[in-house]
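Take a look at the structure set out below.
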Amino acid sequence: MLKGFVLGILLHVCQIGVFYAYGVFVSFLPAGSRQNEWSFAFLYLPFLIGLTQLVYMVPAIALLWRNNRQIAKGVMLVAALTFLLNATCLGFLFSSLKPKGVPLNPLPDKPPAHALLLRRTEPARLSGWPRA
């Protein structure tokens, strides 16, 4: 299983090398080239390594499963850990983003608009709020 774990890590290192080589290749293309438009999309793929690893991990696991299941289990462990770590980090990143200039609670001293509509029909439930 340790050999499979190391193999999974090496596959990830190879993916990083492929992205780096592609970035170097695209940087030498002319500015108006059609390939240059795709280079921007490839910048985001390393952030989605949890999904892009399926391109090389699934065939590797399928080939190893026939010959040596212990190594295949190690590669599966690396793939699962990578996916979970990537999903967690992206979840924290996206949950911390908020548009500039938008306060979290724009009117903290006033009740929400739907509460004002309820006030007209059920004044006893909302008696603690000031009138608008």
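Brief remarks on what is shown
- Contact map, the stretch 1-28: residues that are surrounded by 11 or more Cβ atoms within 10 Å (Cβ to Cβ) paired with residues that are basic (Lys, Arg) and in a helix (DSSP H, G or I), Cβ distance under 9 Å, separation 6+ or inter-chain. Pairs shown: Met1/Lys73; Gly4/Lys73.
- Selection within the stretch 51-100 - outside any helix (DSSP H, G or I) and either among the polar types (S, T, N, Q) or in contact with a Ser or Thr (Cβ under 9 Å, 6 or more places away or on another chain) (or both): Gln53, Asn68
- Selection from the stretch 71-94 of residues that are more than 18 Å from Cys14 (Cβ to Cβ) and open to solvent by 90 Å² or more (accessible area, probe 1.4 Å): Leu84, Leu85, Phe92, Phe94
The values are calculated or read from the model by the stated rules, or taken from the named source; none is laboratory data. Model, not experiment: these values are computed from the prediction. Note that each Cβ is placed from the backbone with ideal geometry, even for glycine, and that neighbours are counted across all protein chains shown. We work out accessible area using only protein heavy atoms, side chains counted, and drop any ligands, DNA or RNA first. Shrake-Rupley method; radii C 1.70, N 1.55, O 1.52, S 1.80 Å.
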